[in-house]
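Here is the structure we will look at, set down as structure tokens.
Since every read-out is calculated from the coordinates, none of them should be taken as a lab result. Please read these numbers as outputs of a predicted model, since none were measured by experiment. Here Cβ is always computed from backbone atoms with ideal geometry, including for glycine, and neighbour counts include all displayed protein chains.
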Amino acid sequence: MKQKKRIAVMISGNGSNLQALIDHQDSLGGEIVLVLSSNEEAKGLERARSVGIDGICIDSNAFEERNMYEQMMLNTLEAYEVDLIVLAGFMRILGAKFIQTYANRMMNVHPALLPSFGGPGYYGERVHQAVLDAGVRVTGATVHFVTIDTDAGPIILQECVRVHPNDTIQLLQKRVLEVEHRLLVAAVRLFCEDRLVVNKNCIEIVGMEE
């Protein structure tokens, strides 16, 4: 019998994308074994613990250097024998060693159609504000593997969201978030089914119709 992939979700706040994964865990083909937070007050820790998933906070402020902080996270992930890391609102930039350790095994969800409205400084409401300021007609969500260059890793899934003339940040964010939840669940499922083949910066999804 095929062993389920072991999943860790890294968060810093509310954890709505985490909740989407928890809600669909029975169909993921994997098991969320750990939620790792940079913030002890993160609501996502409560979401995890309420369903019996280990929720651990590792506070970066407790470490003198970033590499010490990241090594503690790596040690924790190794102890849980994690196969896949999902960044779901984790609000810290990770270093090269961390990223290379989980190359093509760490995915992130971004609230726009990358490579547009991505890169350093584009996160949270800032992304939606930039979309509205640019006057584009279409935005969306992207799930991608994490690389050293911010928001530049191989794209797994994308979906468009139309921008309406009367949109506010909050209205647009709500519609995009619904797509984020759906795409993230689908991307994790594809990983757990071993259907993602990475070739340089492109991904082939095995068994997907054109």
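In debye, nearest 20, what is the charge dipole magnitude of the chain about its Cα centre with +1 on Lys and Arg Cβ and -1 on Asp and Glu Cβ, if you could check?
Once rounded to the nearest 20, the dipole reads 280 debye.
Could you sort 116-123, 194-201, 6-13 so that the peptide with the highest average Cβ count within 10 Å comes first and the rest follow in order?
Averaged packing, sorted descending, gives the order 6-13, 116-123, 194-201.
Counting DSSP beta bridges in the chain, what percent are antiparallel, to the nearest 5?
Taking every DSSP beta bridge within the chain, about 45 percent pair in antiparallel fashion.
Please give the contour-minus-distance gain from residue 92 to residue 136: 0.36 nm per residue of separation, less the Cα-Cα distance, rounded to one decimal in nm.
That works out to 13.0 nm of additional length.
Under the rule of -39500 (n - 2.57) per DSSP H run of 4 or more residues, summed and divided by the residues of the chain, what mean residue ellipticity at 222 nm is obtained, to the nearest 500 deg cm²/dmol?
One gets -10500 deg cm²/dmol as the mean residue ellipticity at 222 nm.
How large is the charge dipole for segment 109-210, taken about the Cα centre, if only the Cβ atoms of Lys, Arg (+1) and Asp, Glu (-1) carry charge, to the nearest 20 debye?
220
Sort segment 1-125 into rounded, prolate or oblate with this rule: let a ≥ b ≥ c be the square roots of the eigenvalues of the Cα gyration tensor; rounded if a/c is under 1.5, and if a/c is not under 1.5, prolate when a/b is larger than b/c, oblate otherwise.
rounded
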